[in-house]
Protein chains: 2
Amino acid sequence: MPRTKQFDEKEVLNKAMELFWEKGFHATSIQDLVSHIGINRASIYDTYGDKTALFDKAFEQYRNNSLESLRNILHSEPDVKKGFQNLFQLVIDDVKTGRCTKGCFVVNTITELVPGDAALQNKLVQNSAITEALFAEYIRNGITSGNLTTSKNPEAMAFTLFTLFSGLRVMAKIEQNPSKLSDTIAIGLTILD
Amino acid sequence: MPRTKQFDEKEVLNKAMELFWEKGFHATSIQDLVSHIGINRASIYDTYGDKTALFDKAFEQYRNNSLESLRNILHSEPDVKKGFQNLFQLVIDDVKTGRCTKGCFVVNTITELVPGDAALQNKLVQNSAITEALFAEYIRNGITSGNLTTSKNPEAMAFTLFTLFSGLRVMAKIEQNPSKLSDTIAIGLTILD
DNA sequence: TTTGTATCGGAACGATAGTTCCAAAATAGA
DNA sequence: TCTATTTTGGAACTATCGTTCCGATACAAA
């Protein structure tokens, strides 16, 4: 009976994600979203709720996308160092092409909105834990299979690489010399030795 | 002849810095500043200019403070690894005491306001260059004096440690387990080996 | 003490924030 | 084709945004 929606929910969420990702929560107004997405204010509120709810959904979508591509990148490369190299290389590619200057939505959100809303903070902590666990498992498998030879603690290495990765996503926003970032990655990966 | 100011300019700038540092540029309103600082709106505008100008001055003050304490920490410790250890330890101390959850004002500003105003971006690039140079010189001195034994490139190590440091300041906002951060530092400093 | 000048307190400005509401439009089923 | 139901477009609401203005105040110099 009802009239059908004239937009695709996922597609709109993607556009909202892009804008929040680029400008952050506070600098993105509902009007910005309306203009950028091209749908009516009322449609946003009816479909997603208020600004915070929309942000949450957009952020959730980013997390899902990232975690999935993260898993793909690592699991498609049996050599641990190469796997991390491939992951880190994505950041450099963004700088090289100049296509994406938005940094990492998660990092941006941590620095903008923590301390603040407790629910969001929990989500961020959980996201960090999942990523660390992913890194750690990947490293442990490398050690077990003999691909990696190190006496260091896998979990600690995982957290260190994750920290370095987060730092890289900050630096990539202002450091436009890709070779400098490449050198950093090469040195950073010696952590695995 | 004129009436004297009823507040200390530096002191007020410090309070403005605290607020911008904690909440970021966009989430900090003039009213927030008026309430937190305790002076009148007109006094802010008369003394510092508009919101952007005040932010710039507050940010400049943070940079000066940080660079000075950075220099002090490194120059007071001849052992390079210990020097960096001491520097990184400050981040952990913030987490341990729970006193400062604001992260790093510079990192926060990069993730919030880049890409954006070109003048600010230049300032951030310059700040990064100064810090890298400081790190690099410290490392080079360590190599020259025989305190450090490594075949790696000092500038690249400097940038890597700076990147790791930036990442640490992000992670410290959500990772409340200090020992995890300590482990990361220990592993991160093996970059100097 | 008087005078001139800058500051202070607070009201007020227009613009924009996030949000709500409602009449008009549109479509899936009867 | 008609009807019931939902979406849509856009006006409108209140609150707050950054900023300006001005009369009252207070101090340094004469």
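Before moving on, here are some points about what is shown:
- Subset tally (residues that are over 30 Å from A:ASP94 (Cα atoms) and either modelled with pLDDT of 95 or more or within 24 Å of the chain's Cα centre (by Cα) (or both)) for the stretch A:1-43: 0
- Residue in the stretch B:25-32 that is among the small types (Gly, Ala, Ser) and part of a helix (DSSP H, G or I) present: no
- Once the stretch A:90-130 is narrowed to residues that are more than 19 Å from A:ALA53 (Cα to Cα), touching a residue at least 60 places away in the same chain (Cβ under 8 Å) and out of contact with any helix residue (DSSP H, G or I) (no Cβ under 6 Å at 6 or more places or on another chain), the residue that is surrounded by the fewest Cβ atoms within 10 Å (Cβ to Cβ) is A:ILE130.
- Taking the criterion of being more than 14 Å from every other protein chain (Cβ to nearest Cβ) and either surrounded by fewer than 19 Cβ atoms within 10 Å (Cβ to Cβ) or within 22 Å of A:VAL114 (Cβ to Cβ) (or both), the residues of the stretch B:21-42 that qualify are B:ILE30, B:GLN31, B:LEU33, B:VAL34, B:SER35, B:HIS36, B:GLY38, B:ILE39, B:ASN40, B:ARG41, B:ALA42.
- Every residue from the stretch B:109-126 that is farther than 19 Å from B:VAL170 by Cα and assigned to a helix (DSSP H, G or I): B:ALA118, B:ALA119, B:LEU120, B:GLN121, B:ASN122, B:LYS123, B:GLN126
- Entry remark, the stretch A:149-193: residues being open to solvent by 20 Å² or more (accessible area, probe 1.4 Å), within 23 Å of B:LYS180 (Cβ to Cβ) and not small (Gly, Ala, Ser) number 10 in total.
This table checks each residue for (1) surrounded by fewer than 17 Cβ atoms within 10 Å (Cβ to Cβ); (2) away from DNA strand C (no atom under 12 Å from the Cβ); (3) in a helix (DSSP H, G or I); (4) in contact (Cβ under 8 Å) with a residue 12 or more places away in the chain.
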{"residue": "A:THR4", "(1), (2), (3), (4)": "yes, no, no, no"}
{"residue": "A:LEU13", "(1), (2), (3), (4)": "no, yes, yes, yes"}
{"residue": "A:LEU19", "(1), (2), (3), (4)": "no, no, yes, yes"}
{"residue": "A:ILE44", "(1), (2), (3), (4)": "no, no, yes, yes"}
{"residue": "A:ALA53", "(1), (2), (3), (4)": "yes, no, yes, no"}
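- The numbered conditions (1) more than 16 Å from DNA strand C (Cβ to nearest atom); (2) over 29 Å from B:ASN177 (Cβ atoms) are all true for B:VAL107 except (2).
- Hits in the stretch B:26-47 (condition: near DNA strand D (Cβ under 8 Å from one of its atoms) and touching a Phe, Trp or Tyr at 6+ places or on another chain (Cβ under 6 Å)): B:THR28
- Qualifying residue in the stretch A:81-96 (condition: of a type in the set (D, E, K, R) and assigned to a loop (DSSP other than H, G, I, E, B)): no
- Against the test of being farther than 14 Å from A:LEU13 by Cβ and within 13 Å of DNA strand C (Cβ to nearest atom), the options A:VAL95, A:VAL80, A:VAL34, A:VAL91 yield a single qualifying residue, A:VAL34.
The values are calculated or read from the model by the stated rules, or taken from the named source; none is laboratory data. In this text the structure is predicted, and so the values were computed from the model without any measurement. For neighbour counting, all protein chains shown are included, and Cβ atoms are generated from backbone atoms with ideal geometry for every residue, glycine included. For the accessible areas, the whole protein counts, side chains as well, though only heavy atoms, and no ligand, DNA or RNA atoms are used. Shrake-Rupley method; radii C 1.70, N 1.55, O 1.52, S 1.80 Å.
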